[in-house]
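Undergrad: Starting off with a structure, shown below.
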Amino acid sequence: MKLSIVTSLLFCCVCFGQNNTDNSLYMKSDKITYLTDIGSESGDLYKTIGHHGPAVENEWMALRIYFSDKVAIDVYSKAKPGLELRKANWYPTPEQQKEGWGADYYKVASTVGLGGVKLWDGDKLVPLNPVTNRLARVGKTDTTSWMEMISRGVPYKGKKVDILVRVTVFSGKREAKVEAVSLTGEKVQFATGVNYFKDSATKKGANYIAVWGKHPEDVAAEIVEVGGAIKYNPKDFEKNTDDGTQYLLISKPAKNIETTILSSCARETELNTLDKLEAYIKK
């Protein structure tokens, strides 16, 4: 009896101690060697890096930051929980998708995507570009995986600032944390939010925006409804705006901000509608 109890406890420790997250950063020409960091003075390694930038995943979604002038956050949706990034490299075959793998249903276009970061100069969006150097890094702890993009020398209001965007996923949690930091210590206005397309449905609350609909994606085997949501502290932001492609949150002047993002799609069994996604956010 004692042995059985000990065995059960050991089994529980193994199960709950497992880190169900991962990261991925590699050269497109070499899918064997994974990197921890890579930099470019041009600020653009979009065509050089696998899946166009660093990526992380939890059981329910994968996220990537484009290594280009966009620095937008894109989503890889999953039909069932599990880690797929290193096997699928973001683009599983049509046959794999039909067998239950996820797919790239989400389309960023020229927006911030889901929780991506730009700056605001008081009148308009300021991209994290041009730069004197851009650096991507990935890492892993016992319970998380993270990726970050550092854009150095970004022109902003007559000065140059260094901006870090860091995304962390947690084992056993659907949400991902997005942090934006002014590394030079200057207070800036950050701009973030979530994009949408025609006929998308939207739910808004005091501290969240959730969007659901079909994206005009062209790399997946089929078009599937996908949801994206951002949660935020209203006290950190002074303005909400809609430019026709994205709902934007403009921060008060700050050295850093933090938001939470999550995504789901119609193929999964849990949060497969906007109402269910919103209910989860409220919970």
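The values are calculated or read from the model by the stated rules, or taken from the named source; none is laboratory data. This one's a predicted model, so the numbers in the text were calculated from it and none came from an experiment. Virtual Cβ from ideal backbone geometry, glycine too; neighbours counted across all protein chains shown. Heads up: the accessible areas ignore ligands, DNA and RNA and are worked out on the full protein's heavy atoms, side chains in. Shrake-Rupley method; radii C 1.70, N 1.55, O 1.52, S 1.80 Å.
Undergrad: Starting from the residue with the highest accessible area, list Asp218, Asp74 in decreasing order, probe 1.4 Å.
TA: Numbers: Asp218 120, Asp74 0 Å².
Output order, biggest surface exposure first: Asp218, Asp74.
Undergrad: Quick one: angle between helix 2-17 and the longest Cα principal axis of the chain, in degrees between 0 and 90, rounded to 10, please.
TA: 30
Undergrad: Using helices alone, I'd like the mean residue ellipticity at 222 nm for the chain: each DSSP H run of four-plus residues gives -39500 (n - 2.57), total over residue count, nearest 500.
TA: On the way: 4 runs with 34 residues, N = 283.
So the helix-based figure for the chain works out to -3500 deg cm²/dmol.
Undergrad: Using +1 at the Cβ of each Lys and Arg and -1 at the Cβ of each Asp and Glu in the chain, identify which of Leu25, Leu248, Tyr76 lies farthest towards the dipole's positive end.
TA: Highest projection toward the positive end goes to Leu248.
Undergrad: Work out how far the C-alpha atoms of the chain reach from end to end along every principal axis, then list the three figures in whole Å, largest first.
TA: Result, largest extent first: 71, 41, 41 Å.
Undergrad: Could you work out the local net charge near Tyr208, counting Lys and Arg as +1, Asp and Glu as -1, over the other residues with Cβ closer than 9 Å to its Cβ? Let's see the in-between values first.
TA: Details: positive: Lys203, Lys204, Lys231, Lys282; negative: Glu278.
Residues close to Tyr208 contribute a combined charge of +3.
Undergrad: Moving on. Express the carbon and sulfur contribution to the solvent-accessible surface of the stretch 102-252 as a percent, rounded to the nearest whole number, probe 1.4 angstrom. Each step should come with its number before you reach the end.
TA: Values: 2840 of 6100 Å².
Here carbon and sulfur together make up 47 percent of the probe-accessible area.
Undergrad: Ordering Lys198, Lys252 by how much accessible area each has at a 1.4 Å probe, largest first, what is the list?
TA: Numbers: Lys198 175, Lys252 90 Å².
Descending accessible area places them as Lys198, Lys252.
Undergrad: Compute a Gaussian network model of the chain, connecting alpha carbons closer than 10 Å, and tell me which residue from Ala79, Ala254, Ala62 fluctuates the most.
TA: Among Ala79, Ala254, Ala62, the largest GNM mean-square fluctuation belongs to Ala254.
Undergrad: Here's something else I'd like to know. With every protein chain left in place, what is the accessible area per residue of the stretch 25-92 in square angstrom, probe 1.4 Å? Walk me through the numbers before you get to the answer.
TA: Details: 2740 Å² over 68 residues.
Per residue, the stretch 25-92 has 40 Å² of solvent-accessible surface.
Undergrad: Roughly how many Å² of Trp212 are accessible to a 1.4 Å probe, to the nearest 10?
TA: Its accessible surface works out to 20 Å², give or take rounding.
Undergrad: Pull up all non-local amide H partners of Val161: gap of 5 or more, or a different chain, and H-to-H distance under 5 Å with H placed in the peptide plane.
TA: Gly153, Val154, Tyr156
Undergrad: Which one of Asn256, Asn240, Asn272 has the biggest mean-square fluctuation once the chain is modelled by GNM with Cα springs under 10 Å?
TA: Taking springs between Cα atoms under 10 Å, the residue moving most is Asn240.
Undergrad: For the chain, set up a GNM with springs between Cα atoms under 10 Å and report which of Val188, Val117, Val56 has the largest fluctuation.
TA: Val188
Undergrad: Taking the Cβ of Val169 as the centre, find all other residues whose Cβ is under 13 Å away and add up their charges (Lys, Arg: +1; Asp, Glu: -1). Can you show the working numbers first?
TA: Working: positive: Arg64, Lys78, Lys140, Arg166, Lys173, Arg174, Lys177; negative: Asp22, Glu57, Glu59, Glu148, Glu175, Glu179.
Result for the neighbourhood of Val169: +1.
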